[in-house]
């Protein structure tokens, strides 16, 4: 009597392993791979793990040499190592690179945000290593649009003279860099930004102030001030806010309770102030905004 062939045994999608945290290493796909895990960064996690244990497993995959590379959960691994406790790891099998990157970049409400600098650095390394073939494919895998990916890669190649104006490049937010990056494409504007950056280097200013000053330099201004429009009683009725690219935002205070005969008067005052601002704003010989 012939035996029927046994059905193939499917390999599980993952296995749970308890390992020595000193035996694991960061995956090169992990955006935290280049960030040192310090005592300060894991103090809260250490207290939690010491109290109730490791609630959530970290995510990893096996490297060709058999070592476990952590895709997500480096701070938990660091906390367990400092506590002398074993680490619970969910070791995933046969992940595509897209799946592994998605795990590495998965949002975690319990984690500390990764700076735009470190995320962009990770993107640059993955492209250099040929993890994915195009920046468009990588952008999709990490969950950003192609414009953000392009700006992030440019961030890694930004002039040192500009980055040196910031006390720590990790403090530069994504929104701050996304505003500065296009300004560097014009040679004349770039030169003004570099010149202003040299004056700011070593001052220890916060990222918000530095970004503001560099954008003002792009507009060829000492600073960019808002302009208040006042009524006949010297009360503000509107604010005109120029920006570094020659645009203007006019915010008018609500006029619902203003008597109808004054609304036209207020509109004319706003118009006149805006016209006066336009006359001087683009004059390269005039620093600052008129007020």
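Just so you know, in the range 48-80 the residues that are in contact with a helix residue (DSSP H, G or I) (Cβ under 9 Å, 6 or more places away or on another chain) and surrounded by fewer than 18 Cβ atoms within 10 Å (Cβ to Cβ) include one that is nearest to residue 133 (Cα to Cα), and it is 67. The number of residues in the range 34-64 being more than 24 Å from residue 100 (Cβ to Cβ) and not in a helix (DSSP H, G or I) comes to 2. I need a count of the residues in the range 81-104 that are surrounded by fewer than 20 Cβ atoms within 10 Å (Cβ to Cβ) and in contact with a helix residue (DSSP H, G or I) (Cβ under 8 Å, 6 or more places away or on another chain). Qualifying residue count for the region: 10. Of all residues assigned to the range 138-146, none qualifies as being under 24 Å from residue 246 (Cβ atoms) and crowded, with 18+ Cβ neighbours inside 10 Å. Scan the range 249-273 for residues that are out of contact with any helix residue (DSSP H, G or I) (no Cβ under 7 Å at 6 or more places or on another chain) and closer than 30 Å to residue 193 by Cβ and the total you get is 3. Has the range 71-81 got at least one residue that is part of a loop (DSSP other than H, G, I, E, B) and out of contact with any strand residue (DSSP E or B) (no Cβ under 6 Å at 6 or more places or on another chain)? So far as the range 71-81 goes, no, none of its residues is part of a loop (DSSP other than H, G, I, E, B) and out of contact with any strand residue (DSSP E or B) (no Cβ under 6 Å at 6 or more places or on another chain).
Where a number appears in this text, it was derived from the coordinates with a stated rule and is not lab data. Keep in mind that what you see is a predicted model, and the values were worked out from it rather than measured. Glycine gets a Cβ as well: all are built from the backbone with ideal geometry, and neighbour counts include every protein chain shown.
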